[in-house]
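Trainee: Structure provided below as structure tokens; questions to follow.
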DNA sequence: ATAAAAATTTAGACAAAACTAAAAATTAAT
DNA sequence: ATTAATTTTTAGTTTTGTCTAAATTTTTAT
């Protein structure tokens with residue numbers, strides 16, 4: 001697979017988690033910052049290679065082959081992110097772009113040795129699960145902070161948006177994976193939350209609460 | 001720079017160490033397993049970008065820009081090789097191809113943090129020096145085993161040929177960086193050496209002796 | 001010094017992956 | 001149920017890096 005093909009497969013994978021019926025051409029184009037016509041061209045090629053099943057105008061989904069390939073790319077991406085944060089002392093908001101490049105390094109021995117070196121981590125620095133050597137992904141119960149019940153204790157276990165801007169905001173607010181959350185009050189007008197984070201009271205907008213996973 | 005451009009710059013760098021007057025089109029084509037006409041095309045492009053100085057039919061050499069770029073690529077390659085051997089437990093004959101991919105990862109922060117993580121190593125697993133952040137390469141006195149004097153103690157400090165075949169042969173012969181060498185006898189007919197390696201007597205062909213650096 | 005051989009460059013073509021503009025199919029709206 | 005809007009595909013180009021074949025320059029050998 002070329003790097004370009006891998007990027008398409010990865011994007012189709014992520015989109016198909018949200019819309020399992022079939023992924024739109026335009027949605028793919030949006031994620032890859034390319035044009036719909038380019039996507040159509042590539043879908044034909046990926047279909048030839050039995051990585052996606054594609055019917056004109058009907059959207060696209062991954063074949064078994066394509067799904068496994070996608071999971072291996074995601075595995076590589078997330079393992080490299082762990083390496084960058086745990087071993088090279090990068091901050092969690094700095095690793096995405098570098099991992100986007102590292103995920104295309106081909107060697108399977110490399111990624112399995114890296115996995116062992118890191119101690120077979122189950123989650124990446126943003127709380128996303130890391131597929132194992134076979135592509136199996138551990139399923140985790142989680143909910144958005146915006147869906148949390150009042151006056152119950154939760155732990156932050158992940159972020160939905162892992163953009164640098166959002167992560168830097170969390171750093172500023174001293175919110176990290178493992179932080180404890182208790183929702184004190186929910187403002188019905190705009191869904192703003194009053195939350196006790198690590199025993200400190202904070203006001204948290206609905207947009208933020210919609211991008212924090214808790215348990 | 002594209003990956004292809006980087007590969008050309010790197011090959012020109014390595015060839016210019018052997019023939020400093022100017023590197024031949026055919027030599028580049030040979031190293032990159034491509035055709036001379038493709039090389040000519042690329043030399044024009046690299047010349048446009050002020051990475052090489054190139055005059056039709058007269059061979060090519062790196063500009064200051066090109067030289068620094070080449071050294072940075074070599075730096076990345078060798079640091080990744082150290083990582084693969086020291087941290088991921090690869091054997092020294094397995095790392096070249098993987099490092100050929102890793103050397104094209106762009107982030108400067110990455111490579112400097114990797115350098116620090118590895119403890120600022122001066123040499124890669126084959127004994128080749130690692131350029132520092134500025135591109136400075138430590139100069140080392142070394143000679144080939146084939147040029148060694150009789151009955152003097154030497155240490156193995158590097159290999160000239162770092163092909164997997166040669167390195168595996170050295171593993172089999174229990175020769176590694178740091179091994180001690182004393183040449184007992186030189187057969188004048190074919191230059192075969194009788195050598196004491198780590199206090200054990202061995203017969204070593206001229207071809208082998210021409211690919212081992214000692215000090 | 002000139003002819004033959006070797007090396008290099010030019011010219012024209014191709015594949016991959018992108019693009020623009022136009023056409024076709026699907027979906028939404030009256 | 002048509003029409004309008006949106007989405008998707010097709011057709012034709014472009015760019016990058018490669019190729020082959022032919023032409024040119026340089027080097028080697030007589």
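Trainee: Which one of these is more than 14 Å from chain A (Cβ to nearest Cβ) and in contact with a helix residue (DSSP H, G or I) (Cβ under 6 Å, 6 or more places away or on another chain): B:129, B:121? Steps first, answer last, please.
Mentor: Details: B:129 fails: in contact with a helix residue (DSSP H, G or I) (Cβ under 6 Å, 6 or more places away or on another chain).
Answer to the selection: B:121.
Trainee: To continue, here is another question. For the stretch A:85-114: of the residues being within 12 Å of chain B (Cβ to nearest Cβ) and touching a residue at least 40 places away in the same chain (Cβ under 8 Å), which is farthest from residue A:172 (Cα to Cα)?
Mentor: Once the filter is applied, the top-ranked residue is A:104.
Trainee: Any residue in the stretch B:71-80 that is within 11 Å of chain A (Cβ to nearest Cβ) and either closer than 25 Å to residue B:12 by Cα or touching a strand residue (DSSP E or B) at 6+ places or on another chain (Cβ under 8 Å) (or both)? Walk me through how you get there before you give the answer.
Mentor: Going through the stretch B:71-80, the residues within 11 Å of chain A (Cβ to nearest Cβ) turn out to be B:80.
Restricting the remaining residues to those that are either closer than 25 Å to residue B:12 by Cα or touching a strand residue (DSSP E or B) at 6+ places or on another chain (Cβ under 8 Å) (or both) gives B:80.
The answer is yes; a qualifying residue exists.
Trainee: Tally up the residues in the stretch B:42-61 that are over 26 Å from residue B:97 (Cα atoms) and in a helix (DSSP H, G or I), please.
Mentor: Step one: list which residues in the stretch B:42-61 are over 26 Å from residue B:97 (Cα atoms), which gives B:44-45, B:47-50, B:53-60.
Narrowing further to those that are in a helix (DSSP H, G or I): B:44-45, B:47-48.
Qualifying residue count for the region: 4.
Trainee: Is it the case that some residue within the stretch B:51-64 is at pLDDT 95 or above, in contact with a strand residue (DSSP E or B) (Cβ under 9 Å, 6 or more places away or on another chain), under 20 Å from residue B:128 (Cβ atoms) and more than 10 Å from DNA strand D (Cβ to nearest atom)?
Mentor: Checking the stretch B:51-64: at least one residue is at pLDDT 95 or above, in contact with a strand residue (DSSP E or B) (Cβ under 9 Å, 6 or more places away or on another chain), under 20 Å from residue B:128 (Cβ atoms) and more than 10 Å from DNA strand D (Cβ to nearest atom).
Trainee: Identify all residues within the stretch A:179-197 that are farther than 22 Å from residue A:128 by Cα and in contact (Cβ under 8 Å) with a residue 24 or more places away in the chain; write none if there are none. Talk me through it step by step, then tell me what you get.
Mentor: Here is the first cut: in the stretch A:179-197, the residues farther than 22 Å from residue A:128 by Cα are A:182-196.
A:182, A:183, A:184, A:185, A:186, A:191, A:193, A:195, listed by residue number.
Trainee: OK, next. Being within 16 Å of DNA strand D (Cβ to nearest atom), assigned by TED's automatic domain parsing to the domain that holds residue B:19 and on the phi < 0 side of the Ramachandran plot is true for just one of B:44, B:106. Which residue is that? Outline the logic, then answer.
Mentor: Working: B:106 fails: assigned by TED's automatic domain parsing to the domain that holds residue B:19.
It is B:44.
Trainee: For residues that are exposed (fewer than 14 other Cβ atoms within 10 Å of the Cβ) and either within 13 Å of DNA strand C (Cβ to nearest atom) or at pLDDT 95 or above (or both), scanning just the stretch B:18-32, find the one that is nearest to residue B:76 (Cα to Cα). Let's see the steps before the verdict.
Mentor: Let us first name the residues in the stretch B:18-32 that are exposed (fewer than 14 other Cβ atoms within 10 Å of the Cβ), namely B:18-21, B:26.
So of that shortlist, the ones also either within 13 Å of DNA strand C (Cβ to nearest atom) or at pLDDT 95 or above (or both) come out as B:19, B:21, B:26.
Values: B:19: 24, B:21: 26, B:26: 26 Å.
For the stretch B:18-32, the residue satisfying everything is B:19.
Trainee: What is the one condition in (1) more than 26 Å from residue B:167 (Cβ to Cβ); (2) away from DNA strand C (no atom under 13 Å from the Cβ); (3) in a helix (DSSP H, G or I) that residue B:83 does not satisfy?
Mentor: All conditions pass for residue B:83, except number (1).
Trainee: I've got another one for you. Any residue in the stretch A:1-25 that is farther than 12 Å from residue A:54 by Cβ sitting within a Cβ distance under 7 Å of a residue that is part of a loop (DSSP other than H, G, I, E, B) and modelled with pLDDT of 95 or more? List the pairs, counting only those 6 or more apart or interchain.
Mentor: Matching pairs, first to second residue: A:3/A:104; A:6/A:104; A:9/A:51.
Trainee: State all residues of the stretch A:5-30 that are within 12 Å of DNA strand D (Cβ to nearest atom) and in a helix (DSSP H, G or I); if no residue qualifies, say none. Even if it seems obvious, please write down each step before you answer.
Mentor: Restricting attention to the stretch A:5-30, the residues satisfying the condition of being within 12 Å of DNA strand D (Cβ to nearest atom) are A:15, A:19, A:21-30.
Passing the criteria: A:15, A:25, A:26, A:27, A:28, A:29, A:30.
Trainee: Closer than 23 Å to residue A:109 by Cβ and out of contact with any helix residue (DSSP H, G or I) (no Cβ under 8 Å at 6 or more places or on another chain): is that true of residue B:95 in this structure?
Mentor: Details: closer than 23 Å to residue A:109 by Cβ: yes; out of contact with any helix residue (DSSP H, G or I) (no Cβ under 8 Å at 6 or more places or on another chain): no.
Considered against the rule, which asks whether it is closer than 23 Å to residue A:109 by Cβ and out of contact with any helix residue (DSSP H, G or I) (no Cβ under 8 Å at 6 or more places or on another chain), residue B:95 comes out as no.
Trainee: Take residue B:38 and tell me if it is away from chain A (no Cβ under 13 Å), assigned to a helix (DSSP H, G or I), more than 19 Å from the chain's Cα centre (by Cα) and within 16 Å of DNA strand C (Cβ to nearest atom). Before you say what the answer is, go through the steps one by one.
Mentor: Numbers: away from chain A (no Cβ under 13 Å): yes; assigned to a helix (DSSP H, G or I): yes; more than 19 Å from the chain's Cα centre (by Cα): yes; within 16 Å of DNA strand C (Cβ to nearest atom): yes.
Yes, satisfied.
Trainee: Same structure again: For the stretch A:47-71, how many residues are at negative phi, without any contact (Cβ under 8 Å) to a residue 60 or more places away in the chain and under 23 Å from the mean Cα position of the chain (by Cα)? So that I can check it myself, show each step before the final result.
Mentor: Here is the first cut: in the stretch A:47-71, the ones at negative phi are A:47-49, A:51-56, A:58, A:60-71.
Filter once more, so that each one left must be without any contact (Cβ under 8 Å) to a residue 60 or more places away in the chain: A:47-49, A:51-56, A:58, A:60-66.
Then keep just the ones that are under 23 Å from the mean Cα position of the chain (by Cα); that gives A:51-52, A:60-66.
Final tally of qualifying residues: 9.
Trainee: Quick check on the stretch B:172-190: of everything there that is more than 25 Å from the chain's Cα centre (by Cα) and assigned to a loop (DSSP other than H, G, I, E, B), which residue is modelled with the lowest pLDDT?
Mentor: The residue in question is B:188.
The values are calculated or read from the model by the stated rules, or taken from the named source; none is laboratory data. Nothing here was measured: the structure is a model prediction, and the numbers come from that model. Note that we place each Cβ from the backbone using ideal geometry, even for glycine, and neighbour counts take in every protein chain shown.
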